[in-house]
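Participant: I'd like to ask you about the structure that follows.
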Amino acid sequence: MTRNRDRKGTLLKRGKKRKLYLVQWSQGSERLSHKLGWCDEMTRSQAERVKRQFMEKINSQREVAGDPITLDRFFREHYWTEDSKTYGDELRTKRSSTQRDMKNAVQRIVQPTFGARRIDSIKTGEIQSFLMSLIGSRGENKISRRTALKYKIYLSSMFSAAIRLEVGVTRNPVRSVRLPVEEPAKPVFVLDDLQTQQIAENLEDPRHKMMWNMNLWMGNRIGEIRALRWKCVDWETGRVVVTESLFEGKSNKPKTKAGERVVVLNEAQLAELREYKQKSYPDAEPEGWLFPGKRNRPLDAGWFMKEAIKPIAEKLGFPEIHWHALRHWNNSAMLNSGIDPIVRMQRVGHSSVKTNLIYSHPDLALQKAASDLIWKRLQAAKQELETMKAGPQAPLSPLSVTLTVTPNQGVPVSPRKHGRPGGIRTPDPRFRKRKRPLSLVWNQ
């Protein structure tokens, strides 16, 4: 059965003497219209509201695609099979981290409220009230607006899939949901250069220290660092090829297409990496992990952060730290050193400048340099203004203008003024003295 989307209709204004509002919509190959009211009796916003109400009636009268089912059943059939503990066809199209997070969010948050409802009976107002009730402070066991927005995206994805799979839904009610005004951004803790070396100095295991340093050098996502193999390193050119990312033991491609990239290390960094290999894993195969853990798996980054790095950070008095803080430090270090944005994007694997700016944190020296530049420009303008007020105006060079007047030697005149066509006017002798060369000198 062919699925029909909701028709919104087009609001038009027609008429010559007295104008009226009407709505037009398509039905098959025809273009139908309906009068809504006179323009002098309603505002445009009122006409829009009447149009929406009328189009809802039109859309409700058509044939519905498929038979409506409950949200629970739709989730079991297409997202998660509880008996076999496997992802459905819809979740298999998403990244591994999204699969786990979306499954948990729907099971814990959405299903208890809307699971037993028919999917075509869930309205926009209900979803908006539900998400609004979840937002609040952490002390009240509530979630942030950002988390609520994530739940909204998951719900909208489910309704879009239901429309595509024709399970009795013709419109997505989540698209019209509105959330509160965005909360003020919390200050982001960014490591400085000294703090990065203080943590590295306290790491005893060679694997831990090298993994920490590689994150600082390359600015990779933690899954990309864990997935590095010895075959990824080109010892002659210093190129490190990033083509793989690990999540929960599963190998995936990097997060974005730009994530598949090459990062070049310098000679000193290559020397440290070569020394690490010779001392710790001299017989490592090309397919071997740079940072191996137990049972031939990569090192557990979550355990490493919790058991090694965070205790050191707490001891040194640093705020709560995470792996992504190193990615922020790497990009900010390049920014403060004047590295071009294109190079920064290529090294960290960002697909847009907008995303890269999120990871860009100018340091105090760069901020002060900007203030110094602004101050110098203002001071220069101030001095120029004072010079213009106090100092005499510079004299200009004299300008000589010479005007020469010669007697007319017979000028053709218009026949209207002088009787004969093409007549010649002879100069009057009384004015002969005035018509002599003049010299005018203009000193400025």
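The values are calculated or read from the model by the stated rules, or taken from the named source; none is laboratory data. Note that this is a predicted model, so its numbers are computed, not measured. Please note: Cβ atoms are built from the backbone with ideal geometry, for glycine as well, and neighbour counts cover all protein chains shown.
Participant: Would it be correct to say that GLU314 is surrounded by fewer than 11 Cβ atoms within 10 Å (Cβ to Cβ) and in the same structural domain as ILE199 (by TED's automatic domain parsing)? Don't jump to the end; show me each part of the working.
Facilitator: Numbers: surrounded by fewer than 11 Cβ atoms within 10 Å (Cβ to Cβ): no; in the same structural domain as ILE199 (by TED's automatic domain parsing): yes.
No.
Participant: Shifting gears a bit: How many residues are farther than 15 Å from ILE153 by Cβ, surrounded by fewer than 17 Cβ atoms within 10 Å (Cβ to Cβ) and small (Gly, Ala, Ser) when one looks only at segment 89-117?
Facilitator: The qualifying residues number 2.
Participant: Check every one of the strands (runs of 3 or more DSSP E) wholly within segment 232-284 and list those with 3 or more residues that are under 19 Å from THR93 (Cα atoms). Talk me through it step by step, then tell me what you get.
Facilitator: On the way: elements: 239-242, 245-247, 250-252, 261-264.
It comes to 245-247, 250-252.
Participant: From the list VAL167, VAL262, VAL233, VAL242, which one is in contact with an Asp or Glu (Cβ under 8 Å, 6 or more places away or on another chain) and in the same structural domain as ARG344 (by TED's automatic domain parsing)? If you could, list the steps in order and put the result at the bottom.
Facilitator: Values: VAL167 fails: in the same structural domain as ARG344 (by TED's automatic domain parsing); VAL262 fails: in contact with an Asp or Glu (Cβ under 8 Å, 6 or more places away or on another chain); VAL233 fails: in contact with an Asp or Glu (Cβ under 8 Å, 6 or more places away or on another chain).
Answer to the check: VAL242.
Participant: Ok, one more. Under 9 Å by Cβ, and 6 or more places apart or on different chains, what pairs join a residue from segment 249-261 that is of a type in the set (Ser, Thr, Tyr) with one that is surrounded by 12 or more Cβ atoms within 10 Å (Cβ to Cβ)?
Facilitator: So the pair list comes out as SER251/ALA227; SER251/GLU244; SER251/SER245; THR256/GLY349; THR256/HIS350; THR256/SER351; THR256/THR355.
Participant: Can I ask one more? Checking the structure you have, find out if any residue of segment 189-209 is in contact with a strand residue (DSSP E or B) (Cβ under 7 Å, 6 or more places away or on another chain), at pLDDT 90 or above and outside any loop (DSSP other than H, G, I, E, B). Full working, then the answer.
Facilitator: Of all residues in segment 189-209, those in contact with a strand residue (DSSP E or B) (Cβ under 7 Å, 6 or more places away or on another chain) come to none.
No, segment 189-209 contains no residue that is in contact with a strand residue (DSSP E or B) (Cβ under 7 Å, 6 or more places away or on another chain), at pLDDT 90 or above and outside any loop (DSSP other than H, G, I, E, B).
Participant: Let me ask something else about it. Can you confirm whether SER337 is farther than 20 Å from TRP217 by Cβ, among the hydroxyl-bearing types (Ser, Thr, Tyr) and assigned by TED's automatic domain parsing to the domain that holds ASN220?
Facilitator: Working: farther than 20 Å from TRP217 by Cβ: no; among the hydroxyl-bearing types (Ser, Thr, Tyr): yes; assigned by TED's automatic domain parsing to the domain that holds ASN220: yes.
Judged against the criteria, SER337 is not a match.
Participant: While we're looking at this one, here's another question. All but one of (1) in contact with a Pro (Cβ under 8 Å, 6 or more places away or on another chain); (2) farther than 28 Å from PHE189 by Cβ; (3) of a type outside the set (Ser, Thr, Tyr) hold for ASN296; state the number of the condition that does not hold.
Facilitator: Unmet for ASN296, out of (1) in contact with a Pro (Cβ under 8 Å, 6 or more places away or on another chain); (2) farther than 28 Å from PHE189 by Cβ; (3) of a type outside the set (Ser, Thr, Tyr): (1).
Participant: To continue, here is another question. Go through (1) out of contact with any helix residue (DSSP H, G or I) (no Cβ under 7 Å at 6 or more places or on another chain); (2) surrounded by 10 or more Cβ atoms within 10 Å (Cβ to Cβ); (3) not aromatic (Phe, Trp, Tyr) and name the single condition ASN296 misses.
Facilitator: Among (1) out of contact with any helix residue (DSSP H, G or I) (no Cβ under 7 Å at 6 or more places or on another chain); (2) surrounded by 10 or more Cβ atoms within 10 Å (Cβ to Cβ); (3) not aromatic (Phe, Trp, Tyr), ASN296 violates only (2).
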